[in-house]
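Colleague: Encoded as structure tokens, here's the structure I'll be asking about.
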Amino acid sequence: MLKSISQYFELLKLSGLDDLFLKSDFNGVNLSQNMDLASLEEKYKNCTKCPLSQGRIKFVYGEGSSTAKLMLIGEGPGAEENKTGKPFVGSAGQLLTKMLNAININRKDVYIANIVKCRPPGNRNPLPSEISACIKYLEEQIEIIQPKILLLMGKVAAQTLLKNGYNMTELRSKEFKYRGIQTFVSYHPAALLYHPQWKKPAWIDLQKIQKIYQKIGK
Ligand code: URA
């Protein structure tokens, strides 16, 4: 029985029809979503669409649950992320993991991705041309995962997806919709390392998100 089901999924994949089954569940495991993210990462990992690929050790596609209700979006990989291929594993990442734990959210239950998938040299902001070359990957991830909440961490993520020109105070105080998804903006964890006085307002932002996350259930 199992064998014939997996053969059936294989067949759908080969025929390109698996897109129709993106949200299908089998025995509680979302086969198609997991398959999709892994195979898409594989497909894109040698991307050369922008010069950031020249400094790439590893393509940092994204990490986490393909059925996450909460998706977090940062800016771009740093040195540690470039080495490991995983988002937010350096000092900002460790702070992010602690922040999630503080609101009783386990990192493995969310999905974490960045605006650009390769490290900008010296951790500079990604250029508009680099963002345009890369953004399709993130848009596709959001479409597959269909999170209920998006948390945009920092101005680069916010301005790329919301394109509204608001400053950080305005961004944090409002709620947005990105493609119908409830969207919030808070500080980037790296900014909190440089400006510890922003940790208190960041904590207020997180508590707001925790309440909404609890309401919609894991
Ligand atoms: N900063 C980011 O924006 N993303 C990472 O993955 C790490 C640091």
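The values are calculated or read from the model by the stated rules, or taken from the named source; none is laboratory data. The model shown is predicted, which means the values in this text are computed figures rather than measured ones. Every residue, glycine among them, receives a Cβ derived from its backbone with ideal geometry; neighbour counts consider all protein chains shown. Protein only, heavy atoms only, side chains kept; ligands, DNA and RNA dropped before computing areas. Shrake-Rupley method; radii C 1.70, N 1.55, O 1.52, S 1.80 Å.
Colleague: Which of the helices (runs of 4 or more DSSP H) contained wholly in segment 104-214 include at least 2 residues that are closer than 19 Å to K69 by Cβ and in contact with a strand residue (DSSP E or B) (Cβ under 9 Å, 6 or more places away or on another chain)?
Modeller: Of the helices (runs of 4 or more DSSP H) lying wholly inside segment 104-214, those with at least 2 residues that are closer than 19 Å to K69 by Cβ and in contact with a strand residue (DSSP E or B) (Cβ under 9 Å, 6 or more places away or on another chain) span 128-145, 155-162.
Colleague: Kindly list, by first and then second residue, each pair from a residue in segment 76-93 that is of a type in the set (S, T, N, Q) to a residue that is open to solvent by 20 Å² or more (accessible area, probe 1.4 Å) and modelled with pLDDT of 95 or more, limited to pairs with Cβ atoms under 7 Å and residues at least 6 apart or on different chains.
Modeller: N82/R56; N82/I57; N82/K58; N82/R119; T84/K58; S91/L193
Colleague: If you go through segment 143-170, how many residues are within 16 Å of the ligand (Cβ to nearest atom) and open to solvent by less than 70 Å² (accessible area, probe 1.4 Å)? It would help to see each step written out before you state the result.
Modeller: Of segment 143-170, the ones within 16 Å of the ligand (Cβ to nearest atom) are 150-161, 168.
Add one more test, that the residue is open to solvent by less than 70 Å² (accessible area, probe 1.4 Å), and what stays is 150-154, 156-161, 168.
Residues flagged as within 16 Å of the ligand (Cβ to nearest atom) and open to solvent by less than 70 Å² (accessible area, probe 1.4 Å) within segment 143-170 amount to 12.
Colleague: While we're looking at this one, here's another question. Can you give me the number of residues within segment 92-124 that are acidic (D, E) and within 9 Å of the ligand (Cβ to nearest atom)?
Modeller: 0
Colleague: Could you run through segment 69-91 and say how many residues are out of contact with any strand residue (DSSP E or B) (no Cβ under 7 Å at 6 or more places or on another chain) and either within 8 Å of the ligand (Cβ to nearest atom) or open to solvent by 50 Å² or more (accessible area, probe 1.4 Å) (or both)?
Modeller: Adding up the residues that qualify gives 8.
Colleague: In the list S39, S66, S32, which residue meets the criterion of being in a helix (DSSP H, G or I) and modelled with pLDDT of 95 or more?
Modeller: The conditions single out S39.
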